[in-house]
Amino acid sequence: MPERSRSSGEGGGGGADYPGRMPVASVFPQLERLLPLVQKPIQYVGGELNARVKDWDSCDVRWALMYPDAYEVGLPNQGVQILYEVLNEVEGVLAERTYAVWPDLEALMRQHAVPQFTVDAHRPVGAFDVLGVSFATELGYTNLLTALDLAGIPLEAARRTEEHPVVLAGGHAAFNPEPIADFIDGAVVGDGEQAVLAVTRVVREWKAQGRPGGRDELLLRLARDGGVYVPAFYTVDYLPDGRIQRVAPNRPGVPWRVSKHTVMDLDEWPYPKTPIVPLAETVHERMSVEIFRGCTRGCRFCQAGMITRPVRERSITGIGAMVEQGLAATGFEEVGLLSLSSADHSEIAALAKGLADRYEGTNTGLSLPSTRVDAFNVDLANELSRNGRRSGLTFAPEGGSERLRAVINKMVTEDDLIRTVTAAYSQGWRQVKLYFMCGLPTETDEDVLQIAALAQRVIETGRAVTGLRDIRCTVSIGGFVPKPHTPFQWAAQLDHRTTDARLAKLREAIRSDRRYAKAIGFRYHDGRPGTIEGLLSRGDRRVGAVIRAVWEDGGRFDGWSEHFSFDRWASAAARVFGEGPVDLDWYTVRERQQTEVLPWDHIDAGLDKDWLWADWQEALAGREVDDCRWSPCFDCGVCPQMDTHTQVGPTGQVLLPLPSVRAPEPVPAGE
Amino acid sequence: MVRTPDGPPPPPAVQRLRLHYAKRGRLRFSSHRDFQRAFERALRRAGIPMAYSAGFSPHPKVSYAGAAATGVASEAEYLEIAVTRRCEPEQVRALLDQALPNGLDVVEVVEVRSGNLADRLEASVFEVRLPGVPVADAEAAAVALLAADAVEVQRLTKSGMRRFDARAAVVALDVSAASPGETCAILRMVVRQSSPAVRPDDVLVALRQVADLAPPAPPVVTRLAQGPLDAAAAEVADPLAPDRA
């Protein structure tokens, strides 16, 4: 397992419009026989509320959208839900969803020759024109290979023919698609709403013209006119020491750098309008509305904040309408107001009050996944939980010491934190969760040990303001992984042994003080997955062979601790890299120099590389930089480069009560 | 500083309704918990004026009874809800049926007149299709099972591995053939509600034990009816009949 145990073409199915191919039939009858034998079969049957099945033959461009993780994680993903709706709204275009199948079903599918299928109409993924895969994290790469193999699609893009779907990667990890360059035909970088329509137009035209020039021509058109990065059209040369010498197009007509896509008016794209309501239990059982996209707080570790600039707000009335429509369409009991830092919406207070008023008395929960340390966030959380339970609030100081927070540009002081938790505990919140990272640049044991002191002060404060001993604080730690397109893209990642040792000291420091030990929870698992995430995040094309070797060795679901095997990755890396100039450490714990060509330099996220370097130097000097929404522009480069601009309110609008919500339509009693 | 919910207690229930629903086709793979979530969302979508429990996490008042196992299709599932305004049962049926995914279908709604619904669900009729099993083999196994006084089987339950008798709960067991030319025996079994519950799988395990009946493919199980048992006639009556009268 799993050396291509199925002959190719079994999953091919084929489009009815392609001469000589079989009509596309549902594989559900074959799948149904396997379902009684697997865990949680409901995740494979589809039929969810608001799912769509369009007629195959009346569509000429067909997308399979994949989230490469289990259904319970993938279904709530906003990116897939948005694109699913955007595409299905277009006449003649259909989109269906597919997720990673668990190993129990995978084994049965291989045994019974059932191909990778979509959950909507159970069509074989190999029959679609495009397979779009959304990578929120790099740890889904092995699952991509499983899906390709089960679909009968050759793993290497170079071996695919016209009868195979075009495999496109998207999502945040696609900002460095190099480690999966061998396996994908293209990457769509940035916002997907308009990009998928551009790709659709190119595919439609090429098919309508009788597929001139075959697959190669289609990819060329996608690269030229569709804003798609096609790795095969770029050649990477290396220096003897292993660094990249240069990345250059090997075809006329393709750009030297591929720019990210940016949607400028979120109110024009109010998706998802009718979110899919799963029958199976999933990780987020709520209706999510993205209240703005982008963030300019400038936290230097945060890839999402860097690559999604500029800030674009949805209007308060647009949000109100989406909540209203979404709740009516789903029956969800909870609404999550999503963004990278929701309290930063210019009209968040009016929005919180407006929504709380609208849905008072309807048993509808409102939540703000707020993470900034700010007493204002507590006020917002109070408003949103007016009549609900106040269990826990989460804040993310990220760095344990004042010095380290300046390095990462998280402009929060210890006093800010104490003020914030004072507000939280005094207003009925019982538990505060604090999120930190370990392994940040310049960090020492001393920085991390200050987390213990901070947590103890939090408990002391909580006890003082409530007069209760039953106050809890949970300290949750994640290992820092340097990411492309951030000021820390040059940084050395801390090796997992040092990370684990540092956190063992922290755990001991928390436990050693009897007065607080029981009140402080400590959550930290293992630094090793972070090392592999680091390899995949900042890797280049040579890492693809490691991914393949791990997959062939049985690697699956690397985001799940029960499936992840560090040893499998480490030994595959050792085998693949051999005596060559690079190895696992070279990709992870090595600091890069200013002049080094980074594997993702030809992917343009709008950020000026010189600015990123300057910000990296500011970080090392412990200097902070402000937010351009309320201070002058600091020339990160995005707005001029992408011809975009920050788009924030206030609009001055308010949310008016909704009569239909306050009093649900009565069902009159018949006499 | 303990908070209590502001405002008045939730409005009281003024009417109780009993629902007969079905779990069909691919949605037979939904678990009971899956159904509960889907149903509570459907109540909200349909705007049913549900009665809620009090407290910080109020729950709509729904009583579930005798739910079929994951993977078992059912034509006869029942539950009861409480509402704060009087509702016309047929309208509730139509609204909820519309709000649930296809395959979770509301068959009938009646107003509660009397009695306890769970008490009425004394027995179930199951149809078990056994693809690949010749009718004669199934008949021989059925005869052997019915001839036995007791057949102990074991199954992993929530409280660990349990051994129990699967024979006593079987009130009737008939075998018929699927369409001509198809090798597929169809069992129709009437099974009494007991504790621990004897499920069709348990009866199949018993058939294997007494007669080596080993279906080559997973059985397809459908609950056809659930309700008061007429043991003499080996039939199950409609549990909503007393409410409809």
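The values are calculated or read from the model by the stated rules, or taken from the named source; none is laboratory data. Note that the structure is a prediction, hence the values are computed from the model and not measured. Glycine gets a Cβ as well: all are built from the backbone with ideal geometry, and neighbour counts include every protein chain shown.
Residues are listed down the side, and each one gets a yes or a no for (1) surrounded by 22 or more Cβ atoms within 10 Å (Cβ to Cβ); (2) in contact (Cβ under 8 Å) with a residue 12 or more places away in the chain; (3) on the phi > 0 side of the Ramachandran plot:
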site: A:359; (1), (2), (3): yes, yes, no
site: A:363; (1), (2), (3): no, yes, yes
site: A:375; (1), (2), (3): no, yes, no
site: A:379; (1), (2), (3): no, yes, no
site: A:383; (1), (2), (3): no, yes, no
site: A:386; (1), (2), (3): no, yes, no
site: A:392; (1), (2), (3): no, yes, no
site: A:397; (1), (2), (3): yes, yes, no
site: A:400; (1), (2), (3): yes, yes, no
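Tell me, please, whether a residue that is modelled with pLDDT under 95 and on the phi > 0 side of the Ramachandran plot can be found in the range B:81-102. The answer is no, given that none of the residues of the range B:81-102 is modelled with pLDDT under 95 and on the phi > 0 side of the Ramachandran plot. Taken over the range B:81-129, the criterion of being within 16 Å of residue B:16 (Cα to Cα), among the aliphatic types (A, V, I, L, M), assigned to a strand (DSSP E or B) and at the interface with another protein chain (Cβ under 10 Å from one of its Cβ atoms) is satisfied by B:83 alone. Every condition in (1) surrounded by fewer than 15 Cβ atoms within 10 Å (Cβ to Cβ); (2) of a type outside the set (Gly, Ala, Ser); (3) without any contact (Cβ under 8 Å) to a residue 40 or more places away in the chain holds for residue A:500 except the one numbered (1). Among residues of the range A:516-534 that are at negative phi and assigned to a loop (DSSP other than H, G, I, E, B), those with a Cβ under 7 angstrom from a residue that is crowded, with 21+ Cβ neighbours inside 10 Å and among the small types (Gly, Ala, Ser), sequence gap 6+ or separate chain, pair up as A:527/A:479.
Just one of (1) touching a residue at least 60 places away in the same chain (Cβ under 8 Å); (2) out of contact with any Cys (no Cβ under 8 Å at 6 or more places or on another chain) fails for residue B:132. It is (2). Without any contact (Cβ under 8 Å) to a residue 60 or more places away in the chain, more than 14 Å from chain B (Cβ to nearest Cβ), assigned to a helix (DSSP H, G or I) and in contact with a Lys or Arg (Cβ under 9 Å, 6 or more places away or on another chain), is that true of residue A:352? It is false that residue A:352 is without any contact (Cβ under 8 Å) to a residue 60 or more places away in the chain, more than 14 Å from chain B (Cβ to nearest Cβ), assigned to a helix (DSSP H, G or I) and in contact with a Lys or Arg (Cβ under 9 Å, 6 or more places away or on another chain). Among the candidates A:270, A:275, the residue that is in a loop (DSSP other than H, G, I, E, B), crowded, with 20+ Cβ neighbours inside 10 Å and not assigned by TED's automatic domain parsing to the domain that holds residue A:85 is uniquely A:275. Within the range A:83-102, is there a residue that is modelled with pLDDT of 95 or more and under 29 Å from residue B:216 (Cβ atoms)? Looking for residues that are modelled with pLDDT of 95 or more and under 29 Å from residue B:216 (Cβ atoms), one finds at least one in the range A:83-102, hence yes. In this entry, residue A:289 passes the filter for residues that are of a type outside the set (Ser, Thr, Tyr), in a strand (DSSP E or B) and without any contact (Cβ under 8 Å) to a residue 60 or more places away in the chain. Here is the figure for the range A:535-556: residues that are touching a Lys or Arg at 6+ places or on another chain (Cβ under 7 Å), outside any helix (DSSP H, G or I) and surrounded by 21 or more Cβ atoms within 10 Å (Cβ to Cβ) total 1.
Among residues of the range A:213-238 that are small (Gly, Ala, Ser), those with a beta-carbon under 6 Å from a residue that is part of a loop (DSSP other than H, G, I, E, B) at least six positions away or on a different chain give the pairs A:214/A:162; A:223/A:230; A:223/A:254.
The residues of the range A:145-167 that are surrounded by fewer than 19 Cβ atoms within 10 Å (Cβ to Cβ), of a type outside the set (A, V, I, L, M) and in a helix (DSSP H, G or I) amount to a single one, A:159.
The set of residues in the range B:27-64 that are more than 8 Å from chain A (Cβ to nearest Cβ), surrounded by fewer than 18 Cβ atoms within 10 Å (Cβ to Cβ) and among the small types (Gly, Ala, Ser) comprises B:53, B:54, B:55, B:63. Among the conditions (1) under 23 Å from residue B:71 (Cα atoms); (2) touching a residue at least 12 places away in the same chain (Cβ under 8 Å); (3) outside any strand (DSSP E or B), residue B:195 misses just one, which is (2).
Yes or no: residue B:210 more than 17 Å from residue B:21 (Cβ to Cβ), assigned by TED's automatic domain parsing to the domain that holds residue B:169, modelled with pLDDT of 95 or more and within 21 Å of the chain's Cα centre (by Cα)? Answer is no for this residue.
Among the residues of the range B:63-78, none qualifies, meaning not one is outside any strand (DSSP E or B) and closer than 27 Å to residue A:386 by Cα.
Can you say whether residue B:173 is buried (at least 19 other Cβ atoms within 10 Å of the Cβ) and in the same structural domain as residue B:83 (by TED's automatic domain parsing), as far as the supplied structure shows? So residue B:173 fails the test. One residue stands out among those in the range A:27-49 that are in contact (Cβ under 8 Å) with a residue 60 or more places away in the chain and surrounded by fewer than 18 Cβ atoms within 10 Å (Cβ to Cβ): the one that is farthest from the other protein chains (Cβ to nearest Cβ), which is A:30.
Identify, from the list B:175, B:210, the residue that is more than 19 Å from residue B:69 (Cβ to Cβ) and assigned to a helix (DSSP H, G or I).
Unique residue meeting the criteria: B:210.
Does the range A:584-600 contain any residue that is touching a His at 6+ places or on another chain (Cβ under 8 Å), part of a loop (DSSP other than H, G, I, E, B) and either modelled with pLDDT under 95 or not charged (D, E, K, R) (or both)? For the range A:584-600, residues touching a His at 6+ places or on another chain (Cβ under 8 Å), part of a loop (DSSP other than H, G, I, E, B) and either modelled with pLDDT under 95 or not charged (D, E, K, R) (or both): present.
Only residues that are away from chain B (no Cβ under 14 Å), in contact with a helix residue (DSSP H, G or I) (Cβ under 8 Å, 6 or more places away or on another chain) and more than 21 Å from residue A:372 (Cα to Cα) were counted across the range A:317-344, and they come to 3.
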